[in-house]
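The values are calculated or read from the model by the stated rules, or taken from the named source; none is laboratory data. This one's a predicted model, so the numbers in the text were calculated from it and none came from an experiment. Here the Cβ positions follow ideal geometry from the backbone for every residue, glycine too, while neighbour counts run over all protein chains shown.
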Amino acid sequence: MFYREAGQYKTNYKDDLATFPILQDRIAIGIYLVIAFVAIPIFGNDFFINSMMIPFLIFTLAAIGLNILTGYTGQLSLGTGAFMGVGAYACYKMTTIFPDINIIILVVLSGVFSAGIGAIFGLPSLRIKGFYLVVTTLAAQFFLEWCFIRIPWLYNYNISGAIEVPQREIMGVIITGASASPTARYLVVLSVVVVMTWIASNIIQGRIGRSWMMIRDMDIAAELMGVRPLQAKLSAFAVSSFYCGVAGAMMVFFWLGAAEVESFDVNQSFRILFMVVLGGLGSLVGCYMGAAFIWMLPIMITIAPSIFGLDINAATVEHINFMMIGGLIIFFLIMEPHGLARLWSLAKQKLRVWPFPY
Amino acid sequence: MNAHVNQNSVSAIDNIAKGDVLLQVDNISLSFGGVKAITDISFDIRKGEIRAIIGPNGAGKTSMLNVINGFYHPQEGTISFMGQQRTKMRPYVAASQGISRTFQNVALFSGMSTLDNIMAGRCLKMHKSFFWQIFRHGPALDEEIEHRKVVEDIIEFLEIEHIRKDPVGALPYGLQKRVELARALAAEPILLLLDEPMAGMNLEEKEDMSRFIIEVNEQFGTTIALIEHDMGVVMDLADRVVVLDYGKKIADGKPAEVQADQNVIDAYLGVAH
Ligand SMILES: Nc1ncnc2c1ncn2[C@@H]1O[C@H](COP(=O)(O)OP(=O)(O)OP(=O)(O)O)[C@@H](O)[C@H]1O
Ligand SMILES: [Mg+2]
């Protein structure tokens, strides 16, 4: 009843082209931002911020990256984990080589590296499609993993093979390393993710995003309308990998503190893919939903029994988790390929006409 | 730079008088492995006319359009568009020269709205760089608004205001065909190729579509190549007709001449060759 576009007439195209044309949506976004930037840092405890919010945001960013490629451009990839790794290792190397440069700048720059690598591994997409493209991205995944192990220069010849995050600060506040507070790290991650979501939404709604979707929906017609497949696909690979790279760098620098190649393996690729599928292909909101669902559900399942005084061992929890995620993925692939985001918009659609659906 | 390209093509088209040859195909042959789709076909399309291409199923009509817009590369023959002979070209180059088309089997961008599909037709006219796209304010938004206005004019022209925001996948077939025409028009083509724009439509829809085609031709001066099976429509719309059968050209001329041609009658009645 309160969610209406009635009465909100748009008198010019500019308003109609706004990202959130409906007033209530704009208010809701404002409320979410206040909660995220103000309420959570004040009221959230360290566990909630460190183990739930930070990884949720970082995975959301990686999911946006994959969604740009898969959901918006129609190119399926299993190399997400490795592209995140490129960002992480690039960021690590740059902190060693340029210790004085602001860490946020380095995180963004590391995205440029993975964008380049992503574009190179995107080249085969010009010739091959579907299943065969998946196989080449998988090859990229394994090749890059191999590099992360076999090129000791990448981890500064560290005996353990791990990259360890040095301490860095901005404006006197420590934001990376062991002594950085969860809240400080959370606020950095949140800011980056919010800005990058806004940018993704801008690109998607504009000329370039449209060319991606044209390629996705009907590549022949796209080419006959003047889209160059090379430009469209490679730009999608590059932008997608940029997002994944920044997510990977943030994962190590603002969450894990140290990482080995396992953090960027094919399981990671699958995890991000599941987030995208569950949240909704071709939806930015869906990336948030999918990441929240896949990251938070296991934690809920772990915590819930103890709240009710039940004692379930960790292995059982893990099995339940696997089964639920697996079941949901199958359910969504069959029933609703556009994921949670579509369910959400259907609910809003119903709300819009409620209580008189006709 | 792009403005220059536009100016060039505009002046190039202005140099061709109405009724002069716009597109010339000479001795085109196209085969797929052993299958000869087109054998030694020559004809021309003149500026400002509606040129029908007709023939029985499998005659090679669609293949001919695919050759014209660079999707198929013929083994033999030459094509020249606006006086320029061209060799193998990619479809997006043909598009940038002003050739636009619709498809026999609707080929809309099914995951996008009507509006976005038509905006997609303008992608060659939009140039604001990646940098501006990131912000979606200033130049990029201005550009978007400017093109949105053109798209709204087309939407109004084709009377599809009511489905503006609908996803095209869910539209009835007749409307999908109309959106496809809108998308092709959005590119402001010099030469518009229409592959069976009225197939599967009822009488009323056909009448609407005929009216739109005539208006496009008369109001915008767009040259049109039209593939159509409905002879009544062809007789009404076309200035000249080329008839294909089994990949060969069997007749070429005014609708009435072609209709009276013995070869054409035989082809349509399926007389043995
Ligand atoms: N990509 C292709 N590969 C192989 N053969 C093809 C291909 N495209 C067309 N052909 C063949 O070329 C011949 C002409 O086909 P085309 O689609 O041009 O006919 P058409 O005149 O458009 O027929 P219709 O009226 O049924 O649309 C047919 O024998 C067809 O099988
Ligand atoms: Mg055909």
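Answer yes or no as to whether A:ALA258 is of a type outside the set (Asp, Glu), more than 13 Å from chain B (Cβ to nearest Cβ) and farther than 21 Å from A:THR60 by Cβ. Criteria met by A:ALA258. Of the numbered criteria (1) touching an Asp or Glu at 6+ places or on another chain (Cβ under 7 Å); (2) surrounded by fewer than 18 Cβ atoms within 10 Å (Cβ to Cβ); (3) farther than 30 Å from A:ALA180 by Cβ; (4) not acidic (Asp, Glu), the one A:PHE308 fails is (1). One residue stands out in segment B:204-228 among those that are in contact with a Pro (Cβ under 9 Å, 6 or more places away or on another chain) and in a loop (DSSP other than H, G, I, E, B): the one that is surrounded by the most Cβ atoms within 10 Å (Cβ to Cβ), namely B:GLU228.
Rundown of residues vs (1) at pLDDT 95 or above; (2) within 14 Å of chain A (Cβ to nearest Cβ); (3) more than 16 Å from ligand 1 (Cβ to nearest atom), yes/no style:
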position: B:LEU194; (1), (2), (3): yes, yes, no
position: B:ILE213; (1), (2), (3): yes, no, yes
position: B:ALA260; (1), (2), (3): no, no, yes
position: B:ILE265; (1), (2), (3): no, no, yes
position: B:TYR268; (1), (2), (3): no, no, no
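In segment B:196-203 there is no residue matching the filter, namely being without any contact (Cβ under 8 Å) to a residue 60 or more places away in the chain and in contact with a Pro (Cβ under 6 Å, 6 or more places away or on another chain). When segment A:216-246 is limited to residues that are among the β-branched types (Val, Ile, Thr) and within 21 Å of B:ALA140 (Cα to Cα), the one that is modelled with the highest pLDDT turns out to be A:VAL239. The residue that is nearest to B:GLU76 (Cα to Cα), counting only those in segment B:42-56 that are within 19 Å of the chain's Cα centre (by Cα) and within 16 Å of ligand 1 (Cβ to nearest atom), is B:PHE43.
Cβ separations smaller than 9 Å between residues 6+ apart or across chains give the following pairs from segment A:67-92 residues that are at positive phi to residues that are part of a helix (DSSP H, G or I) and not hydrophobic (A, V, I, L, M, F, W, C): A:GLY74/A:ARG216; A:GLY74/A:ASP217; A:GLY74/A:ASP219. Of all residues in segment B:63-72, those that are in a loop (DSSP other than H, G, I, E, B), without any contact (Cβ under 8 Å) to a residue 40 or more places away in the chain and within 16 Å of ligand 2 (Cβ to nearest atom) total 1.
In this structure, is A:ILE42 in contact with a Ser or Thr (Cβ under 7 Å, 6 or more places away or on another chain), of a type in the set (A, V, I, L, M) and on the phi < 0 side of the Ramachandran plot? Here the answer is no, as A:ILE42 does not meet what is asked. Taking segment B:110-149 as the range and being in contact (Cβ under 8 Å) with a residue 24 or more places away in the chain and of a type in the set (Gly, Ala, Ser) as the test, the residues that pass are B:SER110, B:GLY111, B:SER113, B:ALA120, B:GLY121.
Only one entry in B:GLY83, B:GLY77, B:GLY138, B:GLY55 is in contact with a Leu (Cβ under 6 Å, 6 or more places away or on another chain), farther than 22 Å from A:VAL227 by Cβ and not β-branched (Val, Ile, Thr), namely B:GLY55. Scanning segment B:96-112 for residues that are within 9 Å of chain A (Cβ to nearest Cβ) and under 19 Å from B:ILE227 (Cα atoms) returns B:ILE99, B:SER100, B:ARG101, B:PHE103, B:ALA107, B:LEU108. Scanning segment B:232-247 for residues that are closer than 22 Å to B:TYR173 by Cβ and within 16 Å of ligand 2 (Cβ to nearest atom) turns up B:VAL233, B:VAL234. Of the candidates A:PHE274, A:PHE242, A:PHE237, A:PHE264, the single residue that is surrounded by fewer than 24 Cβ atoms within 10 Å (Cβ to Cβ) and within 15 Å of the chain's Cα centre (by Cα) is A:PHE274. Against the conditions (1) touching a residue at least 60 places away in the same chain (Cβ under 8 Å); (2) more than 16 Å from ligand 2 (Cβ to nearest atom), where does B:PHE212 fall short? Just the number, please. So B:PHE212 meets the others, but not (1). For segment A:184-201, the set of residues classified as free of Cβ contacts under 8 Å to residues at least 40 places away in the same chain and within 14 Å of chain B (Cβ to nearest Cβ) consists of A:VAL195, A:TRP198, A:ILE199, listed by residue number. Tallying residues that are more than 16 Å from ligand 2 (Cβ to nearest atom) and surrounded by fewer than 17 Cβ atoms within 10 Å (Cβ to Cβ) within segment B:25-35 yields 6. Sub-6 Å Cβ pairs linking a first residue in segment B:51-62 that is farther than 12 Å from B:ASP195 by Cβ to a second residue that is within 9 Å of ligand 2 (Cβ to nearest atom), at least 6 apart or interchain, are B:GLY55/B:LYS61, ordered by first then second residue. Being surrounded by fewer than 18 Cβ atoms within 10 Å (Cβ to Cβ) and within 13 Å of ligand 1 (Cβ to nearest atom) is the requirement here; does B:GLY83 meet it? Considered against the rule, which asks whether it is surrounded by fewer than 18 Cβ atoms within 10 Å (Cβ to Cβ) and within 13 Å of ligand 1 (Cβ to nearest atom), B:GLY83 comes out as no. For segment A:203-221, state whether one or more residues are surrounded by 21 or more Cβ atoms within 10 Å (Cβ to Cβ) and more than 14 Å from chain B (Cβ to nearest Cβ). Within segment A:203-221 (the criterion being surrounded by 21 or more Cβ atoms within 10 Å (Cβ to Cβ) and more than 14 Å from chain B (Cβ to nearest Cβ)), the answer is no, since none of the residues qualifies. Scanning segment B:121-147 for residues that are under 22 Å from the mean Cα position of the chain (by Cα) and facing chain A (nearest Cβ under 8 Å) returns B:GLY121, B:CYS123, B:LEU124, B:MET126.
Annotation note: of B:GLY58, B:GLY77, the sole residue that is over 30 Å from A:ARG216 (Cβ atoms), within 16 Å of ligand 2 (Cβ to nearest atom) and surrounded by fewer than 18 Cβ atoms within 10 Å (Cβ to Cβ) is B:GLY58. Of all the listed residues (A:MET84, A:MET94), the sole one being under 25 Å from A:ILE208 (Cα atoms) and assigned to a helix (DSSP H, G or I) is A:MET84.
Is it the case that B:GLN85 is more than 16 Å from ligand 2 (Cβ to nearest atom) and over 16 Å from B:THR222 (Cβ atoms)? When the stated conditions are applied, B:GLN85 passes them.
A quick yes/no check of all residues on (1) more than 30 Å from A:ILE208 (Cα to Cα); (2) touching a Lys or Arg at 6+ places or on another chain (Cβ under 6 Å); (3) within 16 Å of ligand 1 (Cβ to nearest atom):
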| residue | (1), (2), (3) |
| --- | --- |
| B:LEU171 | no, no, no |
| B:GLU204 | yes, no, no |
| B:GLU207 | yes, no, no |
| B:ILE227 | yes, yes, yes |
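Collect the residues in segment B:41-55 that are of a type outside the set (A, V, I, L, M), away from ligand 2 (no atom under 11 Å from the Cβ) and farther than 18 Å from B:THR87 by Cβ, keeping them in residue-number order. Steps first, answer last, please.
In the first step, residues of segment B:41-55 are kept if they are of a type outside the set (A, V, I, L, M); the result is B:42-44, B:46-49, B:51, B:55.
The next check asks that each one be away from ligand 2 (no atom under 11 Å from the Cβ); those that pass are B:42-44, B:46-49, B:51.
If the condition is that a residue be of a type outside the set (A, V, I, L, M), away from ligand 2 (no atom under 11 Å from the Cβ) and farther than 18 Å from B:THR87 by Cβ, then B:PHE43, B:ASP44, B:ARG46, B:LYS47, B:GLY48, B:GLU49, B:ARG51 are the ones that fit.
Condition test on A:PRO355, is it modelled with pLDDT under 85 and surrounded by 12 or more Cβ atoms within 10 Å (Cβ to Cβ)? Considered against the rule, which asks whether it is modelled with pLDDT under 85 and surrounded by 12 or more Cβ atoms within 10 Å (Cβ to Cβ), A:PRO355 comes out as no.
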